[in-house]
Amino acid sequence: MNTIVIDNLEFSWSIGASNLLTIPELKVAKGEHLFVHGSSGTGKSTLLNLISGVILPDSGTIELMGAQTSSINQRRRDKIRANHIGYIFQQFNLLPYLSVLQNVLMPLKFSKSRKLNAEKNHNSSEQAAIHWLNELNIPSKLHTAPIAKLSVGQQQRVAAARALIGSPDIIIADEPTSSLDQDNVENFMHTLIEESAIIDASIVFVSHDKTLKKYFDKDFELRVAK
Amino acid sequence: MNWFHIASQSLLNRKTTALLTLFMLAISISLILTVDRIRVDTKENFSNTLSGTDLILGARTGSLNLLLYSVFRIGNASNNIGWASYLELTENEAVAWAVPISLGDSHKGYKVVGTTTDYFKYYQFSRGQSLEIYQGKAFENVFDVVLGYQVAKKLGYQLGEQLVLSHGIGNTSFKEHDDKPFSVVGILKPTGTPVDQSLHISLEGMSAIHINWRNGFEIPGMNITAEQALQMDLTPKTITAALIGMKSRIQTFQFQRMVNDYRNEPLMAIIPGATLAELWQMMSIAEQSLLAISAMVIVTGLLGMMTVILAGLNERRREMAILRALGCPASNIVLLLVLEAGFYGLSGLLLGYGLHLFWVAIASNLMMSLYGIELSMNLPNLTMLWVMTGFLVSSFLIGIVPGIKAYRQSLTDGLTLRT
Ligand SMILES: Nc1ncnc2c1ncn2[C@@H]1O[C@H](COP(=O)(O)OP(=O)(O)OP(=O)(O)O)[C@@H](O)[C@H]1O
Ligand SMILES: [Mg+2]
């Protein structure tokens, strides 16, 4: 089964401009880990926006968990994103006014199915959050801390815990390691790949750093549009 | 953790701006409530001060001026009425009763009213209520004084206490009539009118303390003791004003004309109700503009709040993008900002109401000592309740503007975090 199916996708940010993205076909199977690379400005982040259903392709279709996101309304796309996607940004992932634990719990607010998953697997939402924070090596004394107390590496790991909670089908990560030092990158990549494997989530991981390719089953390169 | 929690945590994260905005709104709402409270209470107090008096007699001056100094003890009389003229005029068939009033002295800032015991009989306030003695009795002797309720309360005077009146009006007195002390024989029940702030003595008492005075000055070297004064003729030479009741209302205008045409000295008679109406007429422009200004302050406050929220949106792009990435529907972004604006509105309203009570408490003392008007802590009247409701509803509605802007912003930004 495929979690993501892209078919004949074309996209440009402004009407009349030449296409930023032209993707004839791209499939991600359940549990498959995809590495998307390409130099700056090739539209990697734009592709992730398209997959998440925040923006729509000019032509072609995107299927997410069997639903064609380009032909449903925005509210349902938001719902699908909440239920099936865990998202990790390059940096500044967390809401500064919530504690670490509250940040990790956020996705369960927007998705009933992820909340049910979390409760089924870990008895309660809180325990699920604690579980994932522990998996990502966040010391428990930091769980109730304000996020300003965390290092950048810790913040990225908390963001990963937030992406993993409630076992979504897809983890999307937009250069999550670019602000980490080498040791932290390795550590982060290993945990992310391992933990995603445990919940059998597909990964779409974007980076311009080709050395990260080794962690992935499959890779896809974006080139500057002609 | 619900939407309200997220909205409030987000706001708490920006607490300096939030607090300032809150105060801005609270001050604007407290201003209109307080202005209206003063307006309503002043009006009510004025309307309740005098009742049952058909005419006020006084030296010729502005009718408003006469009303203000004779009844409300605001301002001073520029001229007096000769006692003979008073007697002659009030002998008229049509006059049912007349109460002379002689002003000009004070005691610790409270005004002294020289009058007759008829004052206690005929003076009426608040739709026909008469004065009542709370303790003691009306004055009988020359050096007896009857205190208004607030005077006794504020100065802590008991029956039998001796007190000295001062010449002139004002807190820091010019000259004391310390050679002729008065003793407290009665205290009146509270009325909520300037009577509470007055000391009442007989006209003879008034003459007695001024017996060694001419034209407002003490005659040097002339010392007359209280005992000596009692032996002298204490018939008043002048009075300041007189309250007059007519046998029938119809004769009021006729008598008024007669007074105005009186040849021996320039006098006038006013109808208190009509003069008060004149006062309201004069005040209404001021009243309206004060309310209009207060309303503008509220509008300014609400616009200020909108500006604050709008200006904050740029810094909150990341917050919005994170929420969107988590699957937060764009409509909830609008909700978040509407909640925020509404939260400002509600807490601004509550704080504003508290602030209003605080202003009233402060202004009450001032109004009491300056004009004898007591401000109430009553619930706001219907108009003000509408203003408050309108304020609250608008505050929520105003949230839609930044809400829509944030919504648009979140659509164009997508999930791309640029900062
Ligand atoms: N929200 C937006 N509105 C308009 N244009 C955009 C928007 N986001 C990106 N673009 C444009 O689309 C192009 C691709 O941007 P995108 O962020 O997808 O590239 P990227 O491959 O992620 O680059 P990087 O590696 O630097 O993150 C750029 O030219 C950018 O200016
Ligand atoms: Mg990018």
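The values are calculated or read from the model by the stated rules, or taken from the named source; none is laboratory data. Just so it is clear, the structure is predicted and the values come from calculations on it, not from any experiment. Ideal geometry is used to build each Cβ from the backbone, glycine not excepted, and the neighbour counts take in all protein chains shown. For the accessible areas, the whole protein counts, side chains as well, though only heavy atoms, and no ligand, DNA or RNA atoms are used. Shrake-Rupley method; radii C 1.70, N 1.55, O 1.52, S 1.80 Å.
Summary of computed values
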| quantity | calculated |
| --- | --- |
| Helices (runs of 4 or more DSSP H) enclosed by the stretch B:1-119 - at least 3 residues per element that are surrounded by fewer than 22 Cβ atoms within 10 Å (Cβ to Cβ), in contact with a helix residue (DSSP H, G or I) (Cβ under 8 Å, 6 or more places away or on another chain) and within 14 Å of chain A (Cβ to nearest Cβ) | B:3-12 |
| Test: residue in the stretch B:311-326 that is crowded, with 18+ Cβ neighbours inside 10 Å, within 14 Å of chain A (Cβ to nearest Cβ), touching a Pro at 6+ places or on another chain (Cβ under 7 Å) and not in a helix (DSSP H, G or I) | yes |
| Filter pass, B:Ile211 being free of Cβ contacts under 8 Å to residues at least 24 places away in the same chain and assigned by TED's automatic domain parsing to the domain that holds B:Phe120 | yes |
| Selection within the stretch A:36-54 - among the β-branched types (Val, Ile, Thr) and near ligand 1 (Cβ under 6 Å from one of its atoms) | A:Thr42, A:Thr46 |
| The listed residue being farther than 30 Å from B:Leu87 by Cα and either of a type in the set (Ser, Thr, Tyr) or at pLDDT 90 or above (or both), out of B:Ile27, B:Ile56, B:Ile38 | B:Ile27 |
| Of residues in the stretch A:53-62 being away from ligand 2 (no atom under 16 Å from the Cβ) and farther than 21 Å from A:Arg223 by Cβ, the one most open to solvent (accessible area, probe 1.4 Å) | A:Leu56 |
| So B:Phe391, is it closer than 30 Å to B:Arg408 by Cα, in contact with a Leu (Cβ under 7 Å, 6 or more places away or on another chain) and open to solvent by 40 Å² or more (accessible area, probe 1.4 Å) | no |
| Any hit, the stretch A:69-83, residues being part of a strand (DSSP E or B), surrounded by 19 or more Cβ atoms within 10 Å (Cβ to Cβ) and away from ligand 1 (no atom under 15 Å from the Cβ) | no |
| Matching entry among B:Pro220, B:Pro190, B:Pro194 (being under 25 Å from B:Leu50 (Cα atoms) and open to solvent by 50 Å² or more (accessible area, probe 1.4 Å)) | B:Pro190 |
| Breaking point among (1) free of Cβ contacts under 8 Å to residues at least 40 places away in the same chain; (2) open to solvent by 40 Å² or more (accessible area, probe 1.4 Å); (3) touching an Asp or Glu at 6+ places or on another chain (Cβ under 8 Å); (4) within 16 Å of ligand 1 (Cβ to nearest atom), for A:Ala17 | (3) |
| Pick from the stretch A:38-52, criterion crowded, with 17+ Cβ neighbours inside 10 Å and out of contact with any strand residue (DSSP E or B) (no Cβ under 7 Å at 6 or more places or on another chain), ranking: nearest to the other protein chains (Cβ to nearest Cβ) | A:Asn49 |
